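Okay, so here's the structure we're looking at.
Readers should treat all values here as calculations from the given coordinates under stated rules, not as data from a laboratory. Everything numeric in this text was worked out from a predicted model, so none of it was measured. With ideal geometry, Cβ positions are generated from the backbone for all residues, glycine too; neighbour counts draw on all protein chains shown.
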Amino acid sequence: MSTPTEQLAAAGVSIWLDDLSRTRISSGNLADLISSRNVVGVTTNPTIFANAITDKNDTSYDAQVTELAASGATAEEAVFAATTQDVAAALDVFRPVWEASNHVDGRVSIEVSPDLAHDTAGTVAQAKELWAKVDRPNLLVKIPATKAGLPAIAEAIGAGISVNVTLIFSLERYAEVIEAYLTGLETAKAAGIDLSTIHSVASFFVSRVDTETDKRLTAIGTDVAEALKSKAGLANARLAYELFEQTFAGDRAKALIGSGANPQRPLWASTGVKDPALPDTLYVTELVAQGVVNTMPEKTLEATFDHGVVTGDTITGGYEEARAVFAGIAEVGIDFADVTQVLEDEGVAKFIDSWHDLLSQVAEGLESQR
């Protein structure tokens, strides 16, 4: 009997873990998740690194902090050194997966500073710096899908850098992300870069969409509104997959793929349920299709392994039902464009807060060693 995570992988879903720490790597836990839970990638963000580096029970960063303090490093330099070291080590663990998957999986993401979310030039400069510092072909540099992030995505891809586009909430923004990817590929092709070496995922957030939409549906309070709760996130993701299918079947994308380019895979992010009344695996088992990534917190990964039921494709063919959900949401008076803009603004703000908290605590650690 195959396990649920094996079934998920067999259905075409790449399972990535939404967490990383130095202890997870050094203890062998990450390698174990690869062998026992079918994990083929890792995503990180400022909150994840803040939790890892500031964990009082984790002493694995102490020696490096002491060394960095002695060298006179700033908090920003120390965080850059620690996070790039962790990501490089994780990428080495995933190297066999990268090779076995024909370079599709075995990926680890590292994010540009959230302070650069509205700074195109700064984002490009740091993407290049991270790419050069980590120096692993299976790296993905994470760039947020803000308005300023879109041209940065195109420029990074055009320079041959593989990118994880993060914080996508709306179909309109997702279409712009795909446009940026295709534009970047065309730039790279013109520069003579081997397109097969460039990979990208588009991280479409799921549970946060339900959290914000359901809050508004609860405020409306009618039976019709209540019946729409916990449906927007899945409907949004399914229509994103439809857009992915349609766009990458188009002439422009097919021409690039014919020249060796890879499709930009949809990645389901924010897949841990926020409503305790919902099944832990809701955003996993209901978003199964060939060629997608699902990045999960460990709790969701273990729930999927323990009792997830994967019956095959749960996305394709559900597009009309998804459109009906949005028609209902509009009819009860919810402006979904406002929902997604609020979520993008909050997402950027949360990562900035986590980043500054991390810098503050690292600065204190450095000062205590001086």
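Things to note:
- For R265, R370, the sequence from fewest to most other C-beta atoms within 10 Å is R370, R265.
- Relative to the longest principal axis of the Cα atoms of the chain, the long axis of helix 298-307 lies at roughly 50 degrees.
- Efficiency of FRET from Cβ geometry, Q246 and A324, R₀ 25 Å, rounded to 0.05: 0.85
- Computed label-point distance, nm, for sites I220 and L278 using a 7 Å Cα→Cβ extension: 1.7 nm
- Taking other C-beta atoms within 10 Å as the exposure proxy, E212, E179, E111 rank E179, E212, E111 from fewest upward.
- Which of V309, V40 has the fewest Cβ neighbours within 10 Å, and the rest in rising order: V309, V40
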